[in-house]
Amino acid sequence: MEEYIKKLLEQVRFQKAHKAIGDELRSHIEDQIETNISEGMDRETAEKRAVEDMGDPVETGIALDKVHRPQVAWGVIVAAIGVGLFGAIIHFLLEKLPSSSDCGINIIGNITLDNAGYYLYNVVCGIVIMLGMYLIDYMMVAKYSKVVAALLLISYTIKNFAFYKRIENFDPEYWNQIPSVYTSIESFFSWSGPCIFLLVPLFAGILYKYKGQKYKGLIKSLIWIIVSGLVATGINNQEFRALVIVICLLVELTIAIEKEWIKVPKVQSITAIWLLFTVIPIVLIRFMYDNKILSLTKMNFVRSLFGPATSKSRAKELLSGVKTFGSGSVSYMGGKITVSTLNLISSRIGSGECYMITKVAVVFGGALAFAIITVVAALIVFGFVSTAKTKNQLGMVMGSGCMLWLAINAILNMFISFGMLPAYQYTSFFPFISNHKVVASYALLGIILSIYKYKDAYPQHIDITIRTKSKDLES
Amino acid sequence: MAEELSHENENNESLVLKLLSEKDMYGYEMIKTLRKRAQNVFEKKAGMIYPLLHGLESDGTLNSYEQYCRGKMRKYYSIAKEEKQEE
């Protein structure tokens with residue numbers, strides 16, 4: 001039997017598919033052996049006949065090889081690279097405008113780049129990371145999820161602690177930084193902040209490790225969510241960032257419960273979890289707001305969410321002059337004065353990263369802004385569709401979380417761009433187009449490409465425990 | 001020759017789909033049922049049912065799920081919902 005399976009698998013070039021195919025065929029042959037024995041054959045003859053019944057292993061193997069090939073989503077790779085290059089052209093053109101000549105200068109190592117150059121640099125890094133993620137199996141992300149997530153959370157906490165300590169040593173009178181060990185520590189762990197979004201794919205792996213557990217698994221998952229939320233909030237008032245991450249983790253947990261990874265009563269648990277994470281924070285914020293316990297900045301933020309805010313009205317003002325193609329103008333004093341939107345950008349929204357979509361609409365016309373939104377939305381929809389199609393449940397949960405993170409950020413950014421939400425504290429971005437988080441957008445798309453690649457190779461469930469060689473030999 | 005093969009494949013496909021329209025089954029169960037009905041087109045080449053099943057699963061015609069049956073984890077195949085609606 002094993003000889004037959006070995007010969008068959010030699011024809012299937014995609015190694016990742018071997019285990020699932022081997023298990024299925026072995027189970028079939030074993031069933032046939034049992035039937036043959038029950039019909040009066042001895043064990044040896046039963047096995048020989050069962051293998052003969054299977055036919056030519058080479059022919060079957062070649063046929064299976066045709067089905068099990070790594071799937072490469074070339075269309076998406078080309079579209080993602082195209083979006084990056086197109087984004088770079090837009091950044092360059094925006095920079096050439098006289099009104100946006102006050103854009104900042106960024107320095108990376110010894111290379112001095114303007115905003116557009118910096119964006120292009122990020123796109124290139126993003127594409128390299130995307131292809132890297134595509135080549136690395138997403139199972140690897142899941143396998144080491146707990147260790148990497150813990151390392152990430154600890155590093156970010158240390159970085160924030162060092163920041164506090166550094167501030168204590170800050171001399172405001174001379175605006176000088178007194179060199180201290182805390183500056184080095186903060187700098188050493190500075191990578192952790194931009195990587196905090198990785199908690200979303202990592203959490204899928206953590207949840208999978210709790211598969212089969214009951215309330216113990218649920219409680220451990222909730223602790224991960226709460227700790228992740230608190231750590232991601234950090235010290236820079238990044239509540240929005242933390243909120244988006246927590247929503248993604250909650251959705252992943254919801255799917256995990258629905259798929260029975262965590263064996264608890266589905267409806268009751270899911271309802272209780274969402275109530276816990278919506279009602280309690282809302283009541284708490286309301287109480288703190290009413291009793292003025294919140295800091296002034298946070299009080300202003302809550303007020304600006306629901307009431308008028310300068311940034312909201314400025315975005316609306318600019319958008320009132322948007323034409324389908326090209327730049328428009330905004331009228332003041334009942335039409336007596338008209339000002340070109342090109343001249344208003346700098347004074348109204350400046351070089352703010354949050355307003356990339358507003359800028360594109362104002363400078364190049366609404367049609368181009370709409371086209372960019374459509375292409376990015378198509379990439380995200382592709383992500384959702386391919387994760388929904390994958391047989392492997394871990395891939396499905398991980399992919400859904402990643403795409404949800406991009407989708408929520410894109411939607412929030414559109415609300416900000418169209419003047420429905422204030423650009424306040426939260427560094428909002430439009431995936432793949434804003435300079436901010438462009439590398440993250442590509443990295444998550446890389447995970448989706450990896451899930452797509454193995455969509456026909458991995459079975460519904462797969463073992464992701466970290467094994468040593470000795471353990472493998474034992475099993 | 002190629003035409004004959006493609007015709008044979010189409011026939012096998014419709015046979016498998018007909019079986020699965022009755023109930024969800026795993027590979028060996030399908031072979032056993034076909035044998036009982038004297039329709040075993042996979043006689044002496046039972047392994048060839050798997051490239052067919054995997055191909056149908058890959059193009060979305062079939063879904064699969066794992067379930068314990070008779071003390072073993074089995075890979076069951078079922079017809080995808082859209083296919084069922086078309087029938």
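Since every read-out is calculated from the coordinates, none of them should be taken as a lab result. Small disclaimer: the values here were computed from a predicted structure and weren't measured. Glycine also receives a Cβ, built like all others from the backbone with ideal geometry; neighbour counts cover every protein chain displayed.
Each of A:LYS19, A:LYS96, A:LYS159 was scored by other Cβ atoms within 10 Å of its Cβ. Listed from fewest to most, they are A:LYS96, A:LYS19, A:LYS159. Each principal axis of the Cα cloud of the stretch A:238-320 was evaluated for its coordinate range; sorted largest first, these ranges are 50, 36, 19 Å.
Checking the table A:LYS19/A:LYS266; A:LYS220/B:LYS75; A:LYS211/A:LYS437; B:LYS32/B:LYS75; A:LYS16/A:LYS389; A:LYS263/A:LYS455 against a 21 Å threshold on Cα-Cα, which pairs fail? Provide the component values of the computation, followed by the final result.
Details: A:LYS19/A:LYS266 31 Å; A:LYS220/B:LYS75 31 Å; A:LYS211/A:LYS437 32 Å; B:LYS32/B:LYS75 15 Å; A:LYS16/A:LYS389 18 Å; A:LYS263/A:LYS455 25 Å.
From the list (A:LYS19/A:LYS266; A:LYS220/B:LYS75; A:LYS211/A:LYS437; B:LYS32/B:LYS75; A:LYS16/A:LYS389; A:LYS263/A:LYS455), the Cα-Cα distance tops 21 Å for A:LYS19/A:LYS266; A:LYS220/B:LYS75; A:LYS211/A:LYS437; A:LYS263/A:LYS455.
Taking the Cα centre of the protein assembly as shown as reference, the dipole from Cβ charges on Lys and Arg (+1) and Asp and Glu (-1) amounts to some 2000 debye. In the stretch A:185-342, Rg over Rh equals 1.14, where Rg is the alpha-carbon radius of gyration and Rh the Kirkwood radius from pairwise Cα distances. Remark: the stretch A:293-418 projects, on average over all directions, an area of 10.7 nm² (convex hull of Cα atoms).
How do A:LYS220, A:LYS437 line up, fewest other C-beta atoms within 10 Å first? Neighbour counts put them in this order, fewest first: A:LYS220, A:LYS437.
Per residue of A:278-285, other chain Cβ atoms within 10 Å of the residue Cβ number 0 on average.
Across peptide B:18-27, what mean number of C-beta atoms from other chains lies inside 10 Å of a residue's C-beta?
Numbers: counts 0, 0, 0, 0, 0, 0, 0, 0, 4, 5.
Across the residues of B:18-27, the mean count of other-chain Cβ atoms within 10 Å is 1.
The spacing between the stretch A:392-449 and the stretch B:45-81, judged by their C-alpha centroids, is 36 Å. Ranking B:MET73, A:HIS436, A:GLN460 by how far each Cα lies toward the positive end of the dipole of the protein assembly as shown (charges on Cβ) leaves A:HIS436 at the top. Straight Cα distances below 17 angstrom link A:LYS316 to the lysines A:LYS359, with same-chain residues fewer than 8 positions distant left out.
Expressed as a rounded percentage, what relative contact order does the stretch A:233-332 have, with Cα pairs under 8 Å and six or more residues apart? Answer for the stretch A:233-332 is 9 percent.
Remark: A:MET356, A:MET299 ranked as A:MET299, A:MET356, counting other beta-carbon atoms within 10 Å and listing the fewest first. Short-range pairs are left out: with C-alpha atoms under 8 Å and at least six residues apart, the relative contact order of chain A is 21 percent.
Over the alpha-carbon set of the protein assembly as shown, divide Rg by the Kirkwood Rh and report the Rg/Rh ratio to two decimals. Please report the intermediate quantities before stating the final value.
Working: Rg = 28.8 Å, Rh = 27.3 Å.
With Rh from the inverse mean 1/r over Cα pairs, Rg/Rh is 1.06.
Taken about its Cα centre, the stretch A:298-387 carries a charge dipole of roughly 320 debye when the Cβ of each Lys and Arg holds +1 and the Cβ of each Asp and Glu holds -1.
Take each residue in A:22-30, count the other chain C-beta atoms within 10 Å of its C-beta, and the mean is 5.
To the nearest 0.05, what FRET efficiency results for A:VAL128 and B:LYS44 with a Förster distance of 56 Å applied to their C-beta separation? Don't skip to the answer; put the middle values down first.
Numbers: r = 51 Å, r/R0 = 0.92.
For R0 = 56 Å, the calculated efficiency reads 0.65.
Given R0 = 56 Å, the distance between the Cβ atoms of A:VAL72 and A:ASN291 translates into a calculated FRET efficiency of 0.45.
Expressed per residue, the C-alpha convex hull volume of the stretch A:119-171 stands at 87 Å³.
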